[in-house]
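Some notes on the structure that comes next.
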Amino acid sequence: MTPLRIAVIIGSTREGRAGDRVARWFVDQAERHDDLSVTVVDLTEYDFPSSYPAQPTASIRAFVREVGRADAFVVVTPEYNHSFPAPLKQAIDYAYDEWQAKPVGFVSYGCRSTGLHAVDQLRTVFTALHAMTVRDVVGIDLLAGEPTPHCTDELRRDTRALLDQLRWWGLALRDGRAARPYAS
């Protein structure tokens, strides 16, 4: 069977962000599964324009291609002021059909809230794009420290649940898209 292609999207572009380290930790967990092929999509590597252009730029086209190639997504997002970062919303909006009928999971982080306010808002955005968000979330309280290879049992359980749900939905929806085009 062809491995499920998961794009792990790092949603923060702030200098000094924790997102790259949180994503690296999650990717290390996901890569332990032979049936998953994981790609990191770091928004800092794209030179997106400051306003939505009339024609897509090379960076926008490259991002949309990465989204189109993936069977499933994990969005690594911080919570800033009870929401997710503006550059993440901008990037999400550059693709449309590429998100459809694909599952999205979340690894969120923040102080005390574990980023769940950001996830709630992202669920609404992805529902509007006809994506399927999985139930379980990996939420990280940065006040307790960043995750390490020797993370807590709870983080390991949450990660396993997220990957199991993403795998199930990813395979089911990949088969569904292959059998018949998604109609929105």
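Numbers at a glance
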{"read-out": "Carbon plus sulfur fraction of accessible area for the range 1-155, probe 1.4 Å, in percent", "value": "49"}
{"read-out": "Å² of accessible area per residue within the chain, as computed with a 1.4 Å probe and no ligands counted", "value": "51"}
{"read-out": "Total formal charge among the other residues, if their Cβ is under 11 angstrom from that of Ser113, Lys/Arg +1 and Asp/Glu -1", "value": "-2"}
{"read-out": "Calculated [θ] (222 nm, deg cm²/dmol) that DSSP helices of n ≥ 4 give over the chain, each run adding -39,500 (n - 2.57)", "value": "-13000 deg cm²/dmol"}
{"read-out": "Sparse-neighbourhood loop sites, GluC sites (Glu not before Pro) in the range 26-83 - DSSP loop, at most 16 other Cβ within 10 angstrom", "value": "Glu31"}
{"read-out": "Full-extension gain in nm, Glu15 to Ala54, via 0.36 nm per residue minus C-alpha separation", "value": "11.1 nm"}
{"read-out": "Percent of beta bridges antiparallel (DSSP, the range 4-179, rounded to nearest 5)", "value": "5"}
{"read-out": "Projected label distance in nm at Arg135 and Tyr182, using a 7 Å step from Cα toward the beta-carbon", "value": "2.1"}
{"read-out": "Cβ crowding within 10 Å averaged over residues, with 32-42, 48-58, 111-121 ranked highest first", "value": "111-121, 32-42, 48-58"}
{"read-out": "Equivalent ellipsoid semi-axes - Cα gyration tensor, the chain, angstrom", "value": "24, 21, 14"}
{"read-out": "Amide hydrogen neighbours beyond the local backbone of Ser37, cut-off 5 Å, H modeled", "value": "Leu4, Arg5, Ile6"}
{"read-out": "Amide H contacts under 5 Å for Val74, placed H, 5+ residues apart", "value": "Ala7, Val8, Ile9, Gly105"}
{"read-out": "Stokes-Einstein D (µm²/s) once Rh is taken as the Kirkwood radius of the range 103-145 over alpha-carbon pairs, at 37 °C in 0.692 mPa s", "value": "309"}
{"read-out": "R0 of 30 Å, Cβ-Cβ distance His33-Leu116: FRET efficiency to nearest 0.05", "value": "0.75"}
{"read-out": "Net charge of neighbours whose Cβ lies under 14 Å from the Cβ of Asp34, counting Lys and Arg as +1 and Asp and Glu as -1", "value": "+1"}
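The values are calculated or read from the model by the stated rules, or taken from the named source; none is laboratory data. Since this is a predicted model, take the numbers as computed values, not measurements. Backbone-built Cβ (ideal geometry, glycine too); neighbour counts: all protein chains shown. Accessible surface areas use protein heavy atoms only, side chains included; no ligands, DNA or RNA. Shrake-Rupley method; radii C 1.70, N 1.55, O 1.52, S 1.80 Å.
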